[in-house]
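Have a look at the structure below, then the notes.
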Amino acid sequence: MTRFDRLPWSREPRKGGGFKNRETSEVQEPIQDLCRRLHLRCERNPVGMAKGVKSPDAWLRLHTRGYWDLTVYFPEAGCVVMVECKMPGEGLEPDQVEWGKVYRACGLEMIVATSVHEFAAELEYIRRRRERERSDESDASKRGERRVSQSDAVPAL
């Protein structure tokens, strides 16, 4: 028995000798596999520091603390989806909540997924909602209505 077996967040050894946690193996990797099967571009967003390749004393800063786990590019819906993978029963950390506010302000879609099934259902919901919004916009343009955009509402200086 290793010291990791006694911990509630026990980690599994990787092929390269490092360790990964249950959140990665049970939630994040199946979501990445589903994205591959759906032909969606999915990128993992590692956080923290990594050792440099060329010199042993160099360190690279990866994403800042709280950055969400995955970025999924969803061209069918015309959006980018930020995904935070969590074990069931866990909530977002304060840094992740702050990043969520930034994503929302930028118009990105967000999913907090506790399983691959929940992710697939949320992705389908986003696709249908965005499709409905596009059809509503096209109906409005056919009737001659014009939506007031934010740039139209603010007078030029």
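The values are calculated or read from the model by the stated rules, or taken from the named source; none is laboratory data. Just so we're clear, the structure is a prediction, and the values are computed from it rather than from any experiment. No Cβ is skipped: glycine too gets one built from the backbone with ideal geometry, and neighbour counts run over all protein chains shown. Heavy atoms of the whole protein, side chains included, go into the accessibility calculation; ligands, DNA and RNA do not. Shrake-Rupley method; radii C 1.70, N 1.55, O 1.52, S 1.80 Å.
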**Report entry** Cβ-based charge dipole, the stretch 16-83, positive-most Cα from Val81, Pro56, Gly66
**Finding:** Pro56
Report task. Return, ordered by residue number, the residues of the stretch 113-143 whose backbone nitrogen is under 19 Å from a label point located 7 Å along Cα→Cβ of Arg22. Result -> 113-119
**Report entry** Per-residue SASA entry for Cys42, accessible area with 1.4 Å probe, Å² rounded to 10
**Finding:** 30 Å²
Requested in this report: From zero up to wherever the largest Cα-Cα distance of the stretch 29-87 sits, split into 10 Å bins and tell me the percent of pairs in each.
Outcome: 21, 39, 28, 11, 1
Query raised in the report: Distance in nm between label sites at Ala105 and Lys54, each 7 Å beyond Cα in the beta-carbon direction?
Result: 3.5 nm
Query raised in the report: Carbon and sulfur together cover what percent of the accessible area of the stretch 86-136 at a 1.4 Å probe radius?
Result: 52 percent
Query - Two-site FRET efficiency, Glu76 against Ser115, from Cβ-Cβ distance with R₀ of 25 Å, rounded to 0.05 - result: 0.70
